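A short worksheet on the structure shown next.
The values are calculated or read from the model by the stated rules, or taken from the named source; none is laboratory data. From a predicted model like this one, the values you see are computed outputs, not experimental measurements. Glycine also receives a Cβ, built like all others from the backbone with ideal geometry; neighbour counts cover every protein chain displayed.
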């Protein structure tokens, strides 16, 4: 096929994969700075050159057709199976991201060992560590006798030739995608072109052979998986492994899943012998909770289909600065600003002259709006220096008008609370919940603040 006479150099953004004809400090597509790098363009055929190919007619199928669903492969780790939607789907590709040292390799090696002990062929490809290093980790995890095929290689063609020898494997783990390179691409490993080409080749092999492929990806400073975002669109599921350095808890969260829910989480406990599953994360997150303390509220949340209880801590103190500070860990800072504004405008609770610190205990990150009421309760409790009832949970959404909106799965939240010894609840009125002496319902935030603060609150007009 004839090629063009000139091949112009292009610059590719290492963050989003956008191309530019010239180098510039900032990417026009994603706004990232200093991410454009020179990359050789792929050969483009001259328009009109070569024989023309007519498209073939493809038979159209009906929506009512029957589909033979292949059984999922259970990894033997219940929390991992929960996040993936019930196990690994044959031919699927998963992308797992997380900070260095968070436990990605440990979790995947444990899953590989359990699958291999169950009689499945598993191949673990390490592009960052030598074989001896992975073997030492396996010995520490008690997986030395697991029949896992281990290789340290970064060339994609050699990896595909290795896994193709013999029966197709059930699972292939590649740690990590940024270290792989292909002979077919004239570019350095880790660049957008190499990462995209390597991912395409591995995904194609997984679809053809029926092997499940797990790719490990590095993350950037802001917690996003490094490399082109197109890889996240190519794979079937994207999982993030989260956790704070000072906490032993680790959370596996699905942000994309074509074969299951995207709001499930798996909770693990990092120990000296590896990652242990946490079957009841509510008890774990509340295990170190003290007595009645001002500024502490227990939130009854939902992560997917699992109810989860977690403590929200707030500290409201008079400020000595010209501008009050707002520090948030585990929650949305803009959401906190909204709750503070509603408390001050609708409930006459002055917050503008105070520093506010908010923390979600245990290193968990909460995203659902149902935490609004628990945050408001913790803030008011700290402001008036009055503790909340120790056996009470809170949940509900706060609107800008000061009204309280009901949230879904209220019965499941209450059942989880009762199971852990929380008899009382503060929540919005809902059709499926009846007000009782233990379950107090409120229609507006001023009523709720009056109950929490211990005195009447005149609603601002």
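Annotations for the structure displayed:
- Among the residues making up the range 85-105, those that are under 16 Å from residue 218 (Cβ atoms) and not in a loop (DSSP other than H, G, I, E, B) are 94, 95, 96, 97, 98, 104, 105.
- Meeting the requirement of 1 or more residues that are closer than 30 Å to residue 243 by Cβ, the helices (runs of 4 or more DSSP H) wholly within the range 356-461 are 372-384, 410-419.
- Among residues of the range 331-355, those that are outside any loop (DSSP other than H, G, I, E, B), in contact with a helix residue (DSSP H, G or I) (Cβ under 9 Å, 6 or more places away or on another chain) and either over 17 Å from residue 294 (Cα atoms) or without any contact (Cβ under 8 Å) to a residue 24 or more places away in the chain (or both), counted: 9
- On inspection, residue 150 qualifies as farther than 23 Å from residue 13 by Cβ and either without any contact (Cβ under 8 Å) to a residue 12 or more places away in the chain or not in a loop (DSSP other than H, G, I, E, B) (or both).
- The lone exception for residue 258 - which of (1) touching a helix residue (DSSP H, G or I) at 6+ places or on another chain (Cβ under 6 Å); (2) at pLDDT 90 or above it fails: (1)
- In the range 267-274, the condition of being modelled with pLDDT of 90 or more and assigned to a loop (DSSP other than H, G, I, E, B) is met by no residue.
- The single residue among 166, 190 that is modelled with pLDDT under 95 and either over 29 Å from the mean Cα position of the chain (by Cα) or surrounded by 21 or more Cβ atoms within 10 Å (Cβ to Cβ) (or both) turns out to be 166.
- Test: residue in the range 26-40 that is at pLDDT below 65, touching a strand residue (DSSP E or B) at 6+ places or on another chain (Cβ under 7 Å) and surrounded by 10 or more Cβ atoms within 10 Å (Cβ to Cβ): no
- Any hit, the range 362-374, residues being over 30 Å from residue 255 (Cβ atoms), in contact (Cβ under 8 Å) with a residue 60 or more places away in the chain and either surrounded by 23 or more Cβ atoms within 10 Å (Cβ to Cβ) or not assigned by TED's automatic domain parsing to the domain that holds residue 447 (or both): no
- Search result, residues across the range 250-266 that are buried (at least 19 other Cβ atoms within 10 Å of the Cβ) and part of a strand (DSSP E or B): 250, 251, 252, 253, 254, 257, 265, 266
- The residues of the range 267-286 that are farther than 25 Å from residue 139 by Cβ and in contact with a helix residue (DSSP H, G or I) (Cβ under 7 Å, 6 or more places away or on another chain), listed by number, are 267, 282, 285.
- Conditions (1) surrounded by fewer than 21 Cβ atoms within 10 Å (Cβ to Cβ); (2) more than 23 Å from residue 347 (Cα to Cα); (3) modelled with pLDDT of 90 or more: number failed by residue 422: (1)
- Answer from 344, 397, 368 - the residue that is at pLDDT 90 or above and out of contact with any strand residue (DSSP E or B) (no Cβ under 9 Å at 6 or more places or on another chain): 344
- Scanning the range 171-220 for residues that are within 19 Å of residue 16 (Cβ to Cβ) and without any contact (Cβ under 8 Å) to a residue 12 or more places away in the chain yields a count of 1.
- Index of the failed condition, residue 159 passing every other in (1) over 25 Å from the mean Cα position of the chain (by Cα); (2) closer than 23 Å to residue 276 by Cα: (2)
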